[in-house]
Structure formats: C-alpha cells, structure tokens
1. Kindly list the number of the only condition in (1) within 42 Å of the chain's Cα centre (by Cα); (2) modelled with pLDDT of 95 or more that fails for A:GLY225.
2. If I go through the range A:177-219 residue by residue, how many of them are in contact with a helix residue (DSSP H, G or I) (Cβ under 7 Å, 6 or more places away or on another chain), over 16 Å from A:ALA530 (Cβ atoms) and open to solvent by less than 70 Å² (accessible area, probe 1.4 Å)?
3. Can you name the number of the only condition in (1) part of a helix (DSSP H, G or I); (2) within 13 Å of RNA strand B (Cβ to nearest atom); (3) open to solvent by less than 20 Å² (accessible area, probe 1.4 Å) that A:TRP223 fails?
4. Starting from residues that are basic (Lys, Arg) and open to solvent by 60 Å² or more (accessible area, probe 1.4 Å), keep the ones in the range A:543-578 and report whichever is nearest to A:ARG201 (Cα to Cα).
5. Can you tell which of A:ILE664, A:ILE638 is open to solvent by 10 Å² or more (accessible area, probe 1.4 Å), part of a helix (DSSP H, G or I), touching an Asp or Glu at 6+ places or on another chain (Cβ under 6 Å) and aliphatic (A, V, I, L, M)?
6. For the range A:418-432, what are the residues that are within 14 Å of A:GLY470 (Cα to Cα) and of a type outside the set (A, V, I, L, M)?
7. For the range A:56-88, how many residues are modelled with pLDDT of 95 or more and assigned to a helix (DSSP H, G or I)?
Amino acid sequence: MRAYDHQKIEKKWQKEWEKSGLYRSTEDTSKPKSFVLDMFPYPSGEGLHVGHPKGYIATDIVSRHARMQGKNVLHPMGWDAFGLPAENYAIKNKVHPRVAVEKNIARFKEQLQKIGLDYDWSREINTTDPEYYKWTQWIFLKLYEKGLAYESFEPINWCPSCQTGLANEDLDGNVCERCGTVVEKRPMRQWTLKITDYAERLLKDLDLLPEWQEHIKESQRNWIGKSEGAILKFEIVDSRKETIEGIEVFTTRPDTLFGATYVVIAPEHPILRKIKFTNTAEVLVYAKKAATKTEIERTTEGKEKTGVKLEGIFAINPATNEEIPVFAADYVLAHYGTGAIMAVPAHDERDKQFAQKFNLPSTEVVTDILKNSGEFDGLTSEEAKAKITEKFGVAKITYKLRDWVFSRQRYWGEPIPIIHCEKDGIVPVPEKDLPVKLPEVEHYEPTGTGESPLAAIESWVNTPCPKCGGVAKRETNTMPQWAGSSWYYLRYMDPQNDTALVDSAKEKYWAPVDVYVGGAEHATRHLIYARFWHKFLQDIGVVSTPEPFTRLVSVGLIQAEDGRKMSKRFGNVINPDDIVETYGADTLRIYEMFMGPFTEAIAWKTSSLIGARRFLERVWRLEQQLQTTNYSLQTERILHQTIKKVGEDIQNFKFNTAISQMMIFVNEAEKSGLSKEQYRDFVALLAPFAPHIAEDIWHELGNKTSVHIASWPRFNEKKLLTDEVTIVVQVNGKARTSLLFPRDVAQADVEKAAQEAAAKWLLGKVPDKIIFVPNRLVNLVLA
RNA sequence: GCCGGGGUGGCGGAAUGGUUUACGCAGACGACUUAAAAUCGUUACCUCGUAAGAGGUUGUGGGUUCGAGUCCCACCCCCGGCACCA
C-alpha cells in the first residue's frame, strides 16, 4: 500500500491546481454565483499563527462546496496594508513601511498558500497600491461633492502615543484600540465624514439582514444608539423675572415634564458664555476644570456628581410656570442631545443623586399613570409623551453615533485628495489627477504637531490650485486604517479596471457578498463603515444593492493552550507552518474545523490534533477495505446519511458535526467494508475539508479530472432509513428496556410486546395509559 | 444598570420534547511485537453492590408534560456589546 506522505501530496496538488487555474473566477452568467469573502488581513510582521486561518479554512470549505454544487465561485484574498499596525511595525524595525509591507505580504501569502486555500490569486488586491487607492480617494471626492466630507475643528480623541487623532470607533472605552494608551481630547482641524446622515438607514436596514448573527446586529444598534424623545424649550429669566434667553433640553421622558425641578447645562455649553449671572467667574472656573478632566476622571470618580448653581437666574418650567434653578454640571454631556437637560429627580437616578447632594426638591409625576400633571393627569406615559411633546416642544430623535473623524496625522495612509488654495479655499483634486500618490519620505515618524510627516515635503505640498492656478498647498493628513477596507469587496469583482471603481455589469452579477466571515471585533468598526460607504455608493449609482453582505458569520478566536490570547509577547504562538510540515495542511484544516462550534472561542490543544491525523490515515487506508462484489447495506445507509448531513452542516457552518459524521462513516466502512463507488462519493464529501488527500485518492481511484470540480454527491431519501427500528420501552416515563421491530410496526404489536418485556416493572398491573411514538418509543403509564 | 450569547463526563464537545454524553482527545486493560512506537480490540458519567442490578445526574429552585438538557417562571455564575447618552 502507498504511504500517506502528506508533504509530497500537498506540494504536488498545490502545484497542479495553480498550473491548471482551477480556482479562477469568471463572470459566467450561465451559472448561479457565490461570492464568499474573508475579512482580509493586515500583514503584520509576526506572520500568521494558527488562529488566523480558522476563518479562511471555513470559507474555503464553503466555497469548494458551492463550486461542487455547480456554482460560479468568487473567493478572493488581498491585503489591508495601510494604517497604524503596518506603520508602527515599520518604525520599530527601522524599515520603510512600503518595504515592510511588501515583505510581510510575501510571508503571509506563502503561509496561506501552504494551507491549500482555493483563492483566485489573479484577483489579489492591496490597499496601498496606487491603482487601488485611486478609487478610495475617488470615493472621498464623491463624499465631498455630496457634502458628506467636511472640515471641522471640534476637540477630538488624540492618542499621545500614536500621535494622531482618532475616531470614536478607534477607542476601547477611553484607550486607543491599537496601543492601549489613554486618549486625550484635543481641538484640531480635521476631515470628518457625515456618517450620522446615514444613522437611521444603518439602523433600519439591519432588518434586511436575517442571516447576520444577532449579537453583531445588537452591537451595531447599541453603537448607533437611537433615542426617541422631545426637545422642550425653557425660558431663562433674571431676578426681575425678565426673559433673557431660552434654552432647549432633550428628553426621552417628556411625560415627566411636570416633575422637572431644575435644569442642568453641560459645562462646555456656549450659553454659559453668553448670559450673565452673579457668579460667572465661579462657573467659568468649574467649566474649565471639567474640560481638563479626562474621561477616566469623569467616570471613575464613583460617579459622584459635581456642579455649580448659576446664581441670579432661573428657568421657567413651561408646564408649571414655576421658577426652577439652573446648574452647570459635567454629568450632562455637551455632545449629546442639546447639551442641556431638564432634571426630574423622581424619575431619573442621576438627577436623584444630584438633587440629594444639592438639596433640591423632587416631585413624583408618574406611577402607573400621570399625576401632579394638571390636564394630563390620568394619561399613560405613552399618551402623555405625545401630548406633552405636542404642546410644549417638538419630537426629536437623537443618536449616539458621531460623525467619523477621518484624518490621521500619520504617513502611512491614503493622502486626502484636497488642495488648500489661498484664494479659492478648499479645492478638491480633479478626478483626472487621481491617484494623489503618497510621496517617498525620509522621515515617516509622526510629528506630534497635529500635522502629518507629509507636511515637511515642500515639493509635494506646494502645488498649483486646480481652479485658479495660484499658490496652494496639498492636504497633508491621511485617511484612517478603515478607508481601504470600506469598499474592497467591490474591487475583487473587477480588480484591473482603471476607468471605473467597478464595471456595473460585473457588480450586478457578483453583488452582494453571499457569505462574509471574520472577527467579531469588527462589529462596530469595519462593518459599520463598510455599510455606510456601501449605502453612499448605492446613492450615487455605483452599487445596486442596499447592503453589501447578505450573511455574516463571526469566527471564534483560537486561544493558546494556556487559555490566553496567542501572542509573541506571551511566547505561546503556534505557527501553522510547523503544523503543516509535521502533520500536513489537511490535518490542520480538519483539526481546526473539528475543535468545536465555529463561532465559539476555543483553546488550541496540540495533543488533540492527532485525532485529525488519525482520521485522515484511516481514510487513506480504506482502500484496503474495498470490496468488489457485494457491499454492505449498513455502509450504504451511513454514506447517504453522511452526504445529507455534511451538505447541511456546511451550509450552517457546523463543520465539527460534519466531520464527526464522516468519522462515523469511516468507522462503519472499516467494519463492514465499502465499494469503490462508496469510497468515491465519500472522498468527494471530504474534498472541501481536506482537499489534498481527497484529490490524491480521487485520482488513485481512476478519475482524470479534479475532485474539486466534481459534482457534489446526492443522497437518496429512501436509503437514509434502516428497515429495523429500536423502540424504547418506558414505564412512567423512565426508560426500562428497548425492543427491535420492523420499521412502521403497528402500535398494537408494540404495546403487547412492551408489556411483556416490561412485566418486571409493571408489578402485575395493567397500564392506565399508553403513549406510542411511532418507530421511537412506547411509554406505559401507571396511575 | 440595559441588551445579546452561554452553563452537559477527566477534557473539546454532540443531542427535531423521546434510552443524555454521538464524534474525538486523554486514561485503563488486552492483541500484535524480542521490545517500543504505530495499529487493532475491549472498557470507561457518578453512588451503592463481589455480581445481577438499583438509584442519581445536563448551574440552582419551582412549573408545564405520559416524558424536559430542550418549553415557562425565579435565581446564581461565565463570555460579549453599550453605558453619567437624559
């Protein structure tokens, strides 16, 4: 018998597949399409560890299965190579980011190819390729044209370690997601994208995505943070009761208006600098102090409320016409709602704490229904919300989602295609001049000044104004890490096109992505940004669907054997190259898919890996069990069960149970023998999981073309069932024994036999009731 | 605090309301071998019992049902998202 030499086999078939272009995708409109996508990696310097390929193996199985079902498959791969990880690596290792990225990509690609993934490498993309980022810049110009990209000067999150501004999405709480440093607030000029214009669609269209996992949709809902409420206007009066100003508050509880006993304004609110009160100096000191507090201080002070009363003025509760005091306090956030609230201590925990500290009155106005609320007494909260809003204000919806801070003061990113002209102000780079290429620089370290290192390259910065030809400078900020990944799936459809982002016929054929697999950590980052850009691209006619990804499956992390994250820092990294070398790519693939449910996090265990290898060796040895004459009916039945289950399980990403069913088949085939046809069908089922060994056996069985373009085996419904069934005999719901009957045996026959078999437990009594479940069980019930 | 997902042998895990622990890892015993590895076979939830067997068991406590890991109620614990967001 031939030995199972995984190294020889895997090398041989990988070469063969590449030579024959087996996995090339074409726009073959005669066939149904299947676009299977992985979140593309950023090529870090550490190379892959065994956790990375888990998702790629899954999409590989799904795409191979689709191909065998006669679908036209697009399963591409590329590199998300701009951004902080690549740049920080480059700085640390003192190599140019471009050089580092090229090297890392080569390494990643080599590692991926060893695993035998069916990527169409002719469609490989790289976000740092000018031919690619030309279109990232083009999208920015379109956003600018539509008023969705704007310059702003608001204080934003600044990472003192990465020395750049960040978007809210780049934070974990109040630390930089990349480096873990606590961020500061820093006012600076920046480019911002108006994602908030799309908040409602991003939220509502989650309903168009029944095939997304609920927790991802839930994260996005939380992140968008929609609140429905009202804006109510309170007059501000001085001590002579003369109106000096009005202030708007936002509330989700307009029904509690009669219980509003004071008003709180955020310390940053401009009205504090506009109106006069007797203790202006004290208030401004408080405001200044609040502004310098970091988020950490504001939230870790035990939520002890602080604030200062605005002396000499009052607000008028529009419902009660009572004069109520006004405070500045930092528990009210300037950037949410209107930056001011009506405080209802009886019905809000925070207001209650503040009221207790400052000894303020509290009026209960809602129990089951409204009370102490004048004409609204007796209404339910829901009724009162509508009526009070109507009478005293306007309905208003707010979102927690903030506009996307889109500029980075770093070198390694797409240049923002904008020119600042002394005369014409902001002038977009004309489309024909794209791409604006990232220039070569000697020093690419961040400057920390709020300018990117590009600002120092005068020959690049100084450029004539496209409009007037006069003196102008280029925008020197670059785009964030997430820009290139916000639309890359479209480029795979048409990677070489230099006249359009994507040919519309190709887009109509491939879109949307059928299955998208990647890490759950992208729920509120990449996946929100990509949905935003996609909707924008739909609005300008580039794409034809409302959502980019029909189905989203998040891959569960593979942790190190010690239960921690696999990281060079902990010295617990397992390199897939070593596993491929020693056990083979097919073993690695089977093991990773067999470990447990695909979406769950799970610890790597090298000692369990051997089970996957043993399984493949037993598959290999089945050749010895081949029978030329009569074949086992048992084997045939389990084969058909296996065909059914493996097909269904692949659809449902239940690879672990698909593999265990294949193991059950092998156990049976070893015991009872199998025919050549049965072996052939089984190898076809195995092919998506272990493509090399399957291909090798397939050819050994005399097939001349690849197993990977063979037809997926069909099962016969009639062959799934046994002729005999085991019927469980229960007495009072407790299993006592079991009996063998022909399938579909009559109830009366079973009842009779069961009572005899269970005589011992019936104690001579006759059952009061008999429950019969055909082909499954009989339950003899004694009262 | 709000929301989402979980809790089953020594371990990873399976299980349309119908014999809990499939499949695999680790273990024990046996076969083959001069020996070991590999391979094959047997065994294996817990308690009591020499055994035949009996009883118990899916985080805890209730409920529905002939029958509950699965459905309902309450609680405990773990993982994830949001969070002074009005």
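The values are calculated or read from the model by the stated rules, or taken from the named source; none is laboratory data. Keep in mind that what you see is a predicted model, and the values were worked out from it rather than measured. Reconstructed Cβ throughout: ideal geometry from the backbone, glycine too, with neighbour counts over all protein chains shown. Please note that ligands, DNA and RNA were not included when accessible areas were found on the heavy atoms of the full protein model with its side chains. Shrake-Rupley method; radii C 1.70, N 1.55, O 1.52, S 1.80 Å.
1. (2)
2. The first filter runs over the range A:177-219 and keeps only residues in contact with a helix residue (DSSP H, G or I) (Cβ under 7 Å, 6 or more places away or on another chain), leaving A:177-178, A:182, A:193, A:195, A:198-199, A:201-203, A:206, A:209, A:216-217.
So of that shortlist, the ones also over 16 Å from A:ALA530 (Cβ atoms) come out as A:177-178, A:182.
Remaining after also requiring open to solvent by less than 70 Å² (accessible area, probe 1.4 Å): A:177, A:182.
Number of matching residues: 2.
3. It is condition (3) that A:TRP223 fails.
4. Let us first name the residues in the range A:543-578 that are basic (Lys, Arg), namely A:551, A:564-565, A:568-569.
Still in the list and also open to solvent by 60 Å² or more (accessible area, probe 1.4 Å): A:564-565, A:568-569.
Details: A:ARG564: 38, A:LYS565: 36, A:LYS568: 41, A:ARG569: 42 Å.
Across the range A:543-578, the extreme among qualifying residues is A:LYS565.
5. A:ILE638
6. Scanning the range A:418-432 gives A:HIS420, A:CYS421, A:GLU422, A:LYS423, A:ASP424, A:GLY425.
7. The total comes to 13.
To keep it simple, each residue is scored yes or no on (1) within 37 Å of the chain's Cα centre (by Cα); (2) more than 6 Å from RNA strand B (Cβ to nearest atom); (3) open to solvent by less than 70 Å² (accessible area, probe 1.4 Å).
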site: A:GLY229; (1), (2), (3): yes, no, yes
site: A:LEU232; (1), (2), (3): no, yes, yes
site: A:ARG240; (1), (2), (3): no, yes, no
site: A:GLU245; (1), (2), (3): no, yes, yes
site: A:PHE250; (1), (2), (3): yes, no, yes
